[in-house]
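Read the structure below first, then the notes.
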Amino acid sequence: QVQLVESGGGLVHTGESLRLSCAASGRTFSLLAVDWFRHAPGKEPEFVATISRSGDNTYYADNAEDRFIIFRDNVKNTVYLQMNSLKPEDTAVYYCNADLVQIEAGWVFGSWGQGTQVTVSS
């Protein structure tokens with residue numbers, strides 16, 4: 001397995017924006033579909049968005065579709081989650097994973113990273 005690494009979280013005020021990044025650790029050649037989840041204290045993990053390998057197909061949770069944008073750079077092998085108009089309810093640890101990761105040895109499963117904390121103050 002190859003662990004994914006999330007970054008870009010921080011503390012912002014209501015209405016502000018953040019851009020999260022997701023990349024595989026080590027040298028990689030490509031990522032398959034990538035998912036973003038979030039987990040807030042006392043809540044169940046929640047799906048946020050997913051993007052296909054090509055980037056042509058995306059899918060969002062209902063509470064994210066109008067404010068969040070998922071996109072990818074297949075040269076950098078990085079997937080981004082642009083979060084706009086943030087609300088306190090968006091406060092959570094955000095995680096990403098790739099279904100499969102292509103490395104020198106071939107295709108392997110991705111694994112969830114440590115997450116990046118997003119805190120939105122009211």
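Miscellaneous remarks
- Qualifying residues in the range 57-67 (those that are open to solvent by less than 80 Å² (accessible area, probe 1.4 Å) and assigned to a loop (DSSP other than H, G, I, E, B)) - the one nearest to LEU100 (Cα to Cα): ALA61
- Candidates SER17, SER54, SER25, SER30 - the one that is modelled with pLDDT of 95 or more and of a type in the set (S, T, N, Q): SER17
- The strands (runs of 3 or more DSSP E) found entirely in the range 73-116 that carry 2 or more residues being touching a strand residue (DSSP E or B) at 6+ places or on another chain (Cβ under 9 Å) and buried (at least 21 other Cβ atoms within 10 Å of the Cβ) are 78-83, 92-98.
- Subset of the range 35-76 (residues that are over 11 Å from ALA92 (Cβ atoms) and of a type in the set (Lys, Arg)): ARG53, ARG67, ARG72, LYS76
- Residues that are hydrophobic (A, V, I, L, M, F, W, C), closer than 19 Å to GLN117 by Cβ and within 10 Å of the chain's Cα centre (by Cα) within the range 71-97 comprise VAL79, LEU81, CYS96, listed in sequence order.
The values are calculated or read from the model by the stated rules, or taken from the named source; none is laboratory data. Everything quoted here is computed from the prediction, not taken from an experiment. All Cβ positions, glycine included, derive from the backbone under ideal geometry; neighbour counts span all protein chains shown. Note: accessible area is taken over every heavy atom of the protein model, side chains too, but ligands, DNA and RNA are not part of it. Shrake-Rupley method; radii C 1.70, N 1.55, O 1.52, S 1.80 Å.
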